[in-house]
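The values are calculated or read from the model by the stated rules, or taken from the named source; none is laboratory data. Just so you know, these numbers come straight off a predicted model, no measurement behind them. Positions of Cβ are generated from backbone atoms using ideal geometry, with glycine treated the same way; all protein chains shown enter the neighbour counts.
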Amino acid sequence: MLRALAITALVLMPPVEEWRVAVPDYAWSFPRDHWAHDGYRTEWWYFTGHLEGGGRRFGYQFTFFRIGIVSEPIELALDSDWASSHVIMGHAAVTDLESGQHVFSEVLYREMPLLASFDHDSEERIGWSRGPAGTKALWTLDFTGDGFRIAARDDRLEMGFELTTRAAKPRIFQGPGGFSRKGKESGAASQYYSYTRLETSGELTMGGERFEVVGESWMDKEFSSSQLEPQQVGWDWFSLQLDDGRELMLYIMRREDGTTDYAKGTVVSPDGEARYLELEDFSFEATRYWVSPSTGARYPVAWRVRVPSEGLELEVRALVDDQENKSRFFGGVYYWEGAVTISVTGLGGEALGRGFVELTGYGEGNRPPV
Amino acid sequence: MEPVLEFKNVSKHYPQPSTGVLKALDDVSFSIQTGRTLAITGRSGSGKSTLLHLAAGIDVPSAGTVSFVGRDLGELSDRDRTLIRRDGVGLVFQFFYLLPHLTVWENVSLPAWIASDAGMEERGRDLLERVGLTAHASQEASKLSGGEMQRVAICRALLRKPRLLLADEPTGNLDDGNSEIVMDLLMKLVDEEEGTLLYVTHSDEQAAQADERLALHSGKLGPA
Amino acid sequence: MIRYFFRALRAQLHGGLSLFALSLFGVSIGVAAVVSIQIINLNALSAFSGSMRAVSGGADVTIVGKMPSLSEDTYPRVLATPGVEAAWPLFRLDVVAEDLDFYLEVIGVDFFTPIDLPWEGASVDLSAALGEPGWVAVTPTLAREKGWELGDRLEVSVGTRKAELVIGAFSDFQKATPLASTRLAVMDIAQAQSLFGARGQLHQIDVKIFEDVDQGDVIAELERSLGTQVLVLTPEQREQQASDLLSAFRLNLTALSFISLFVGGFLVFSSTQASLVRRRTEFGLLRSLGATHRQVMGLLVGDVLLLGLLGVAVGMPLGYLAAEANVDRVSATVTNLYLLDAINQLEVPAWFFLLAAAVGLFSAGLGALMPALELGRKDTRALLAAFSLHERVGARAPRAFLLGVGLMFLGGILYWLVGDRWRPAGFIQAFLLIAAVPLVTPLLVQGATGLLRVRSFGLAYGMKGLGKQLQTTSVAIAALAVAVSMVVGVTTMVASFRETLAIWIEATVQADVYVSTPAWRRSRRRAVLDASVIEVLARHPAVEQVDRLRQFFAYTNGRRFSFAGVDARAPGEKTRFALLEGEMLGAELGGIMVGEPLARKEHLSVGDDLVIDGPKGPVALPIKGIYYDYSSELGSAFTHLETMAKHFGDGPVNSVALYLEQGVDSEHVVDELKTSLADVPLTIRSNRRIREQALLVFDQTFAITRLLRYMSLLIAVTGVALTLIVLARERSAELALYRALGATRLQIFRVFLGKGLGMALIGIVLGSLAGVVFAFILIYVVNRAFFGWTIFVHWPIGLLVQQSLVILGASVLASLYPARVASRVPATELRREDL
């Protein structure tokens, strides 16, 4: 029941005005901006990537969400460690791209000294949380100066990873000045930046087996206080790394009927220059669907993506159909977050790159995680 | 002289479901003077028991009057009839009706207890001696033989020197030998006490011992 | 034959309606006594279980602290334990709503753990729950009862600390678990800790274990990693703990209620017997017409079955009503003495009806057993012939008497062998006694009536007759004696206990004024007296000395007991504790005093060590003395505050005792302190007041036994009426003879009154004798074995005499109707076979 409550509460949070909102002229300051921004309602650090090791290939996801519960810090008002204005939600997933096995783990804690917290003073630690119940290890996110170190583990699921990433290309802003609009209303926007290529190495555990892995990751960092506009039900989000050195980010806010309500994109050139795309600059269509046996949601799992201005006409395909993440804590919270491969239409399916796709708002009664 | 008991045109009717009315006694008249003995004979069902019940004031007639020493029992309350019975009537039953859990002496004393009549102990013992049961005085009544029981019952009936002794087939439940003993004893005691006795019997032989005898046929009284 | 049964039933009911009604009454009251107690017993725990399910419904195990506090550091350790699927911390505290003299069970939860809470309404604003100071969700039932609405504020206190709560939402625990306490109030854990000044403290951690993992392994791992500081309990174990807590209380009530049923069984016996006597010719005739033994038995069994069923049908609702009428008192006991949840409502599960029906039928069947066997033994001729049953009891009286004496002797041997060391012994002894009473009754009735010299046809004649009609009378007399013995025994035990308590309080409550807080009663160690308040108290000019008391529940050898730290600086002549053994604590630190119940239960004596689970391992303290203790059956012990602090850490004081200067009026000081500390939630009571209140609580606890006593008496007196009616009917020929011999109605009426009076007198005398033994069993065996305390015998002569007179009066009243029936038997009823 609390599940329902928490969700309701998250939706029924105090009016947006009490929180800081994303602005076009946000004064960025790095590396401080890698750390948490308490005045905003939501914030996330999102890592996705492809890894190889021991002759196996894996897709992985690691996310820390910071969710503000009350806009005024109540830590000082109450004489309790449990006094907290935030909760931390962590999602971690690994997909064995050979066997198709997909494992998802999650944590949810209020921010408090015993359970989880976002550091503000540390030079390294951006945030940490306890692992899921039954797991001793912590989940952590550190800034190393030239990249990030992430660790997540779930002993029960025999899954986990400790990865070090190093920026292979510079940080870029998503949207001019790192101001990324999500709808026609002025408040519907976030502060958003990405590392589109992070060299990644470390250890990964899957099915109880440990692998030394290397590969590439993509990191997104967003914070905002906005929420979906009423007509929006979810989004499709693409982060594609092309073998020619370019990266492509696209998102489409969908309406109930599946049509596009709002869309934006970014193309990053091999030398790290970002060019912003509007709705009319690209198009995409789903070419194949997969129905989740556990939630009944019907997700697209293959797309034809066109960016005429970049001369791109891509076939994007899920490497594994079932890469659905379903929350244990929140009934109705499930989404698809999966590794994809990219090929050029008409070239016989030769791989042209790889990436991750996030699909939210599919299925009956679905709610986005944030 | 006033008779001890007088029946004047006495009828007793019991309502019956089928035939309407059962006439147990029909226009019966007779009287009995002090010191006399009267025997009434009749077969079973002739109305003997009803006659005795009326005589003892246990029941009242449907018509006519039953007078005890001049008092019309039908006019009296149940309580007054009870007191007349207590103080003036002795009863001897065919089936003795001794209380099995009381001793012989206690059974004999019962009328005195009921009447709160102290000083009857001596008389009780005397009576028992006269019927030859002194040795059994503190025995439970249920242990006695039939003849002994009836002798005890006679003592009980005579204890308070009733003006009228009523006996209902006093030997009806006894063998011939005992019948004779009991009957003789009864007549002897009545004689000694100068009592008045009305008894009912089906035996002509016993009836013959009375001063007078009458016969009851289907509720009607006639000469023997 | 079934057709015949129903055909005969009508005639029979017509013939013996009053008999049937009386035995039905008896069985109904008996069933009602058992039903009411069982309903109360059942529900005494269901509130606890209901609340437990409501709060910890999804949990497989619950972790509670054994030390004065459960640190929240424990929580992440629990969380990290392999096999744990989820764990949620709970902060629990009973707070007193100030103006209402009423407590709320506050549960501080972490809203971000997967705990199910039955919110009422579409949604709850979590930011308000976290951010609005004092936000609390209460049950809609309580809100309705108190007229609270959303946004209403209420002041609560725990110890001297006050807090303001705001009704922020409704959580309908009763919807999910109907018996859950209506006083449950949910708030955020941070708010709870902060409001009630308990930073860093938890009271409970609920754990869910993965289904495919061995629960035992996880529990073992938790116990290993968390150490002796905590208890890891399954819901079954928690229910068991609560049940153990109440077991003695419940068992005693159950035993008493069964005595009512037992007495009711006698009634069935009497009435079956009567119906047998009445119907013997009928049965004989049926047999001569070819009905089998079994068929005739069947008729009798059918009667008893009907009686039992009707008894249950009437007794059940009656029992429910009785339970309802008494639930508040029991609830008060459960909350005041055992600190469990109040009984909010009574629920009777379906199986209970079956059980009650079984109990009713069984006791009716048992009552009918003997007469039925008697019937079975008779052949057709015997049935048609005069009934010789009556003499049999008389003949067997000496043997029965010997058997009864033998049973009592057996009870004596049992006491000699095990004393109070084996719990069931007391009940076995009580049972033996109760079984012996009916056995010795016939001979005693014979003897007593045999002594009577009758010289007139009145009361005495009637009494004497009792001995001659033993088959009928001895059963009722025995029933009355059993009931009286219970009344005398329980009355004596309660009176002795009360007197003992009063003397003990007199000795123990030595200080002039006692100061604690309203929350102290339920929250104990969490109800803290602020140091500043103690300073204010000490500054009062009349106060000569302040003795502090700190108390919490500790564990020894797995047993939970109340552990106190005291100043023990009271002047020498003011020994606050009546000693059973050893000496007082004295000035030297390190020793401990142990209360009698704890000492008995743990077999401790002076010189032994009491080994207490401490935060750094076991703490062994040498026992200096053992004191009489009637405060709690759990057991108690106390030591110097300094000793307690040394082993268990510093902690706040929960109450203080004030010694005033000689000649100062303590009531006056109480008033002054109340005025000067008006804004602090305090309970300030004078010596006299605290004594009164202790006895008040005592009386409340035993109030329910009064109901039971009266119920069985009612049944027993009904038995007197029933027996006399049986006599009036059965012996109508005898009565007719008396009438024929000139006895007036009034005389027969008096004879019957004499019988009633005689039965009452013999029953009272015999019952009182047995009651004395019963009292001894209760005091020396049952109470010692179950509660572990010594009660000094005190005979409440006045009360017992008064009760006897009431029973006598009631019996005479009960004789009136039968006497009237008897007096109306006409002389014409004479029939030869009846004498």
Please find, among C:ALA810, C:ALA827, the residue that is among the small types (Gly, Ala, Ser) and within 14 Å of chain B (Cβ to nearest Cβ).
C:ALA827
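Looking only at the stretch C:446-463, which residues are touching a residue at least 60 places away in the same chain (Cβ under 8 Å) and either in a loop (DSSP other than H, G, I, E, B) or within 13 Å of another protein chain (Cβ to nearest Cβ) (or both)?
Within the stretch C:446-463, C:THR449, C:PHE457, C:GLY458, C:LEU459, C:ALA460, C:TYR461, C:GLY462 meet the criteria.
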Those helices (runs of 4 or more DSSP H) lying entirely in the stretch B:32-122 with at least 1 residues basic (Lys, Arg) and either touching a Gly at 6+ places or on another chain (Cβ under 8 Å) or at positive phi (or both)
B:48-55, B:78-88
Given the condition surrounded by fewer than 17 Cβ atoms within 10 Å (Cβ to Cβ), touching a helix residue (DSSP H, G or I) at 6+ places or on another chain (Cβ under 9 Å), in the same structural domain as C:ALA44 (by TED's automatic domain parsing) and at pLDDT 80 or above, answer yes or no: does some residue in the stretch C:360-377 qualify?
yes
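Does A:GLY272 meet the test of being out of contact with any Phe, Trp or Tyr (no Cβ under 9 Å at 6 or more places or on another chain) and either exposed (fewer than 14 other Cβ atoms within 10 Å of the Cβ) or closer than 19 Å to A:HIS102 by Cβ (or both)?
no
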For the stretch C:1-113, please list each of the helices (runs of 4 or more DSSP H) lying entirely inside it that holds at least 1 residues being outside the structural domain of C:THR333 (by TED's automatic domain parsing) and small (Gly, Ala, Ser).
C:17-56
Tally of residues being surrounded by fewer than 23 Cβ atoms within 10 Å (Cβ to Cβ), of a type in the set (Gly, Ala, Ser) and more than 14 Å from chain C (Cβ to nearest Cβ) across the stretch A:91-126
3
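Can you confirm whether C:ARG183 is surrounded by fewer than 16 Cβ atoms within 10 Å (Cβ to Cβ), on the phi < 0 side of the Ramachandran plot and basic (Lys, Arg)?
On the way: surrounded by fewer than 16 Cβ atoms within 10 Å (Cβ to Cβ): no; on the phi < 0 side of the Ramachandran plot: yes; basic (Lys, Arg): yes.
No: the conditions fail for C:ARG183.
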Any chance C:GLU730 is over 16 Å from B:ILE58 (Cβ atoms), of a type in the set (D, E, K, R) and modelled with pLDDT under 90
yes
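From the list C:GLN510, C:GLN545, which residue is farther than 30 Å from C:VAL263 by Cα, part of a loop (DSSP other than H, G, I, E, B) and not small (Gly, Ala, Ser)? Give the steps one after another, and end with the answer.
Values: C:GLN545 fails: part of a loop (DSSP other than H, G, I, E, B).
It is C:GLN510.
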Failed condition for B:THR134, given (1) within 14 Å of chain C (Cβ to nearest Cβ); (2) hydroxyl-bearing (Ser, Thr, Tyr); (3) more than 21 Å from the chain's Cα centre (by Cα), with all others met?
(1)
Looking at A:LEU228, is it in a loop (DSSP other than H, G, I, E, B) and hydrophobic (A, V, I, L, M, F, W, C)?
yes
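Test B:LEU91 against the criterion of being touching a residue at least 24 places away in the same chain (Cβ under 8 Å), within 8 Å of chain C (Cβ to nearest Cβ) and farther than 17 Å from B:LYS12 by Cα, and give yes or no.
Working: touching a residue at least 24 places away in the same chain (Cβ under 8 Å): yes; within 8 Å of chain C (Cβ to nearest Cβ): yes; farther than 17 Å from B:LYS12 by Cα: yes.
For B:LEU91, the condition - touching a residue at least 24 places away in the same chain (Cβ under 8 Å), within 8 Å of chain C (Cβ to nearest Cβ) and farther than 17 Å from B:LYS12 by Cα - is met.
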Regarding the stretch C:500-512, can at least one residue be identified that is touching a strand residue (DSSP E or B) at 6+ places or on another chain (Cβ under 7 Å), farther than 30 Å from C:GLY426 by Cα and surrounded by fewer than 22 Cβ atoms within 10 Å (Cβ to Cβ)?
no
Search result, residues across the stretch C:732-759 that are of a type in the set (Gly, Ala, Ser) and away from every other protein chain (no Cβ under 11 Å)
C:SER732, C:GLY754, C:GLY756, C:GLY758
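In the stretch A:49-85, which residue that is among the hydroxyl-bearing types (Ser, Thr, Tyr) and modelled with pLDDT of 95 or more is surrounded by the fewest Cβ atoms within 10 Å (Cβ to Cβ)? Give the derivation first.
Filtering the stretch A:49-85 down to residues among the hydroxyl-bearing types (Ser, Thr, Tyr) leaves A:60, A:63, A:71, A:80, A:84-85.
With modelled with pLDDT of 95 or more added as a condition, the list becomes A:60, A:63.
Working: A:TYR60: 27, A:THR63: 24.
Looking at the filtered set, the residue picked out is A:THR63.
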If I filter the stretch B:58-76 for residues that are surrounded by 21 or more Cβ atoms within 10 Å (Cβ to Cβ), within 14 Å of chain C (Cβ to nearest Cβ) and under 12 Å from the mean Cα position of the chain (by Cα), do I get at least one hit?
yes
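Being surrounded by 18 or more Cβ atoms within 10 Å (Cβ to Cβ) and either under 24 Å from B:VAL4 (Cα atoms) or at pLDDT below 90 (or both): is that true of B:LEU144 here? Steps first, please.
Numbers: surrounded by 18 or more Cβ atoms within 10 Å (Cβ to Cβ): yes; either under 24 Å from B:VAL4 (Cα atoms) or at pLDDT below 90 (or both): yes.
Criteria met by B:LEU144.
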What number of residues within the stretch C:192-218 satisfy the criterion of being under 27 Å from A:GLU75 (Cβ atoms) and either outside the structural domain of C:GLY134 (by TED's automatic domain parsing) or in a strand (DSSP E or B) (or both)?
5
Looking at C:LEU778, is it crowded, with 21+ Cβ neighbours inside 10 Å, more than 14 Å from chain B (Cβ to nearest Cβ) and in contact (Cβ under 8 Å) with a residue 40 or more places away in the chain?
yes
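Rundown of residues vs (1) modelled with pLDDT under 90; (2) over 16 Å from C:VAL158 (Cβ atoms); (3) more than 10 Å from chain A (Cβ to nearest Cβ), yes/no style:
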position	(1), (2), (3)
C:VAL186	no, yes, yes
C:SER194	no, no, no
C:ALA198	yes, no, no
C:ILE205	no, yes, yes
C:ILE209	no, yes, no
C:VAL213	no, yes, no
C:GLY216	no, yes, yes
C:ILE219	no, yes, yes
C:GLU223	no, yes, yes
Return yes or no: is C:ALA87 within 14 Å of chain A (Cβ to nearest Cβ), surrounded by 24 or more Cβ atoms within 10 Å (Cβ to Cβ), in contact (Cβ under 8 Å) with a residue 40 or more places away in the chain and more than 30 Å from C:ARG279 (Cβ to Cβ)?
yes
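Going by the structure shown, is C:PHE774 within 24 Å of C:LEU459 (Cβ to Cβ) and in contact with a Gly (Cβ under 9 Å, 6 or more places away or on another chain)? If you could, list the steps in order and put the result at the bottom.
On the way: within 24 Å of C:LEU459 (Cβ to Cβ): no; in contact with a Gly (Cβ under 9 Å, 6 or more places away or on another chain): yes.
So C:PHE774 does not fit the description; no.
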Please find, within the stretch A:144-176, the residue that is nearest to the other protein chains (Cβ to nearest Cβ) out of those that are assigned to a strand (DSSP E or B), surrounded by fewer than 20 Cβ atoms within 10 Å (Cβ to Cβ) and not aliphatic (A, V, I, L, M).
A:GLU162
